[in-house]
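Structure, as structure tokens:
We did not get these values from a lab; they are worked out from the coordinates using the rules stated. Not measured: the values here are computed from a predicted model. Cβ sites come from the backbone with ideal geometry, for glycine too, and all protein chains shown count toward neighbours.
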Amino acid sequence: MSSESGNGTTFMGVAREKISWWPSIDTERCDGCSGEYDCLKFCPHQVYRPLTSPAKVAVENRYNCVVFCQACRKMCPKDAISFPQKGEILKVIKEELKKRGEHSGP
């Protein structure tokens, strides 16, 4: 598995654009860490961008998010970051591999 991210990359042999793994922000809970933007500072992949007035974050580069990484979620003191279910994403990956004849598992 590659930790590379962004448009044009692959994960387990599947184009990153076919895998809908990126964070969702609960805008009711997010307060931008009072302007400190912990998730933005923590994530090295430039997934987020800061919003001001009021302070919040938005997902700007969703395909930069590393598939199955949820480290930023653990950094959020307001529990405002969520991700899709891993099982659903694995189904998508397996279906994509099956289309190409590369899936050999159950």
Can you pull the one-decimal nm distance between simple spin-label points at residue 17 and residue 42, each 7 Å off the Cα toward Cβ? 3.1
What's the tally of Lys pairs in the chain whose alpha-carbon atoms lie under 28 angstrom apart, where the two lysines are 8 or more places apart or on different chains? 23
What's the angle, to the nearest 10 degrees (0 to 90), between helix 86-99's Cα axis and the longest principal axis of the chain? 40
Long-range amide H contacts for residue 10: which residues qualify at under 5 Å (H placed 1.01 Å from N, peptide plane, sequence gap of 5 or more or a different chain)? 16
Residue span residue 51 to residue 95: 0.36 nm per residue of separation minus Cα-Cα distance leaves a gain in nm of 12.2 nm
Using the Cα centre of the chain as the reference point, and only Cβ charges (+1 on K/R, -1 on D/E), how large is the resulting charge dipole? Debye, rounded to the nearest 20. 300
Which residues does a label at residue 29 reach in the stretch 65-92, if reach means a backbone N under 12 Å from a point 7 Å past the Cα toward the Cβ? 73-83
Give me D for the chain in µm² s⁻¹, whole number, from Stokes-Einstein with Rh from the Kirkwood sum over alpha-carbon pairs, 10 °C and 1.306 mPa s. 108
Using θ = phi - 60° and Karplus 6.51 cos²θ - 1.76 cosθ + 1.60, couplings along the stretch 44-54 (whole Hz; Gly, Pro as x): x, 9, 6, 6, 9, 9, x, 10, 10, 6, x
Under a 5 Å amide H to amide H cut-off, with H placed in plane at 1.01 Å, what residues pair with residue 51 once short-range neighbours are removed? 56, 57, 58
